[in-house]
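Written below as structure tokens is the structure these notes are about.
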Amino acid sequence: MRNTGKLFAAGLRQIARDGMLLVLVPAPLFAGLFFRFAIPLIDRALTERFSFSIAAWYGLADGMLICLAPMFVAIISAFLILEERDEGLGAFYQITPSAGYPYLLARIGIPMGWALGVTLLVALAFKLSPLSFQTVLQSAIVSSLTGVFLAMMVVSLAGNRVEGLAVSKLTGISFAGLILLWFVPAPHHYWLAFLPSFWIGKLVMEGADPLSFALGIFTCLLWIALFTRRFLRRV
């Protein structure tokens, strides 16, 4: 555990030296401020000018806000791993006690725990719809596990940071299940159930539910297992 802590601290120092990654750290807070204050202003302007309100989609905005922090942390974690791979440090760690799962815990697990806390704070502080604490908590947990899946996807598919930049664009797919759920009627939207964000949308739309929560976690774990196995085969 001590080695994992040292690796995590080293990762923090790397982030502090990389402006691109550093700017992603406070990004969820700025996004929360925008969602909380700009979207109601936009809704008011649309209502006054066109008699059209977007208030019915406030829940969708909250769902996207819940997804943001884990997605940003997933990008940070993935680029740290790919940078270490480019510099040969990844191979070095494989001959130390930190190899394998302790390394992934330091680079993805602990940061995603931080993302869970940030998601809870930002969502509760800036939510637009009347989500209960239990709904936010369940959604945030599924979202954080989605972040683990996205980070593992990038590092298992990309061989270096250049490839990682291209693969990271696929993380936008993580929003597809959430967004389309609001526009595709049941039962047709269930073909999106393989995406974890679908279950985040279900929780936000219908409230805390043990079944949706369990299915969201199960879907995340399947993706995590798939890409973790691929990653460990490559190292």
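The values are calculated or read from the model by the stated rules, or taken from the named source; none is laboratory data. These numbers were taken from a predicted model, which means no experiment stands behind them. With ideal geometry, Cβ positions are generated from the backbone for all residues, glycine too; neighbour counts draw on all protein chains shown. Calculation scope for accessible area: heavy atoms of the full protein, side chains included, ligands and nucleic acids excluded. Shrake-Rupley method; radii C 1.70, N 1.55, O 1.52, S 1.80 Å.
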- Query: What ranking, highest mean first, results for peptides 155-168, 199-212 when packing means the other Cβ atoms within 10 Å averaged over each residue?
  - Reply: 199-212, 155-168
- Message: I'd like the distance between the alpha-carbon centres of region 1-76 and region 132-151, rounded to an integer number of Å.
- Response: 14
- Note on the structure: One finds, for residue 34 and residue 161 with R0 = 35 angstrom and r their Cβ-Cβ distance, a FRET efficiency to the nearest 0.05 of 0.80
- aspartates and glutamates near residue 6 by alpha-carbon distance under 18 Å, same-chain residues fewer than 8 away left out - which ones? 83, 84
- Just the ratio, please: alpha-carbon radius of gyration of region 25-68 over 2.2 N^0.38 Å, N its number of residues. 1.25
- Could you give the nm distance between label points at residue 48 and residue 129, where each point is 7 Å from its Cα heading toward the beta carbon? 2.6
- Task: Can you give me the span-like helices of the chain, meaning DSSP H runs with 18 Å or more of Cα extent along the axis and Kyte-Doolittle mean at or above 0.5?
- Result: 58-86, 110-126, 133-157, 210-234
- Message: Can you give me the accessible area per residue for the chain, using a 1.4 Å probe, in Å²?
- Response: 49
- Mean shadow area (nm²) of the C-alpha convex hull around the chain is 13.5
- Ordering 4-11, 111-118 by per-residue average of other C-beta atoms within 10 angstrom, highest first, gives 111-118, 4-11
- Which percent of the accessible heavy-atom area of the chain goes to carbon and sulfur, probe 1.4 angstrom? 71
- Message: Going by average Cβ density within 10 Å per residue, which order do the peptides 170-177, 213-220 take, highest to lowest?
- Response: 213-220, 170-177
- Item | Label-point separation in nm, residue 232 to residue 188, each point 7 Å along Cα→Cβ | 4.2
- Just how many % of Cα pairs in region 105-153 lie over 19 Å apart, if you round to the nearest whole percent? 27
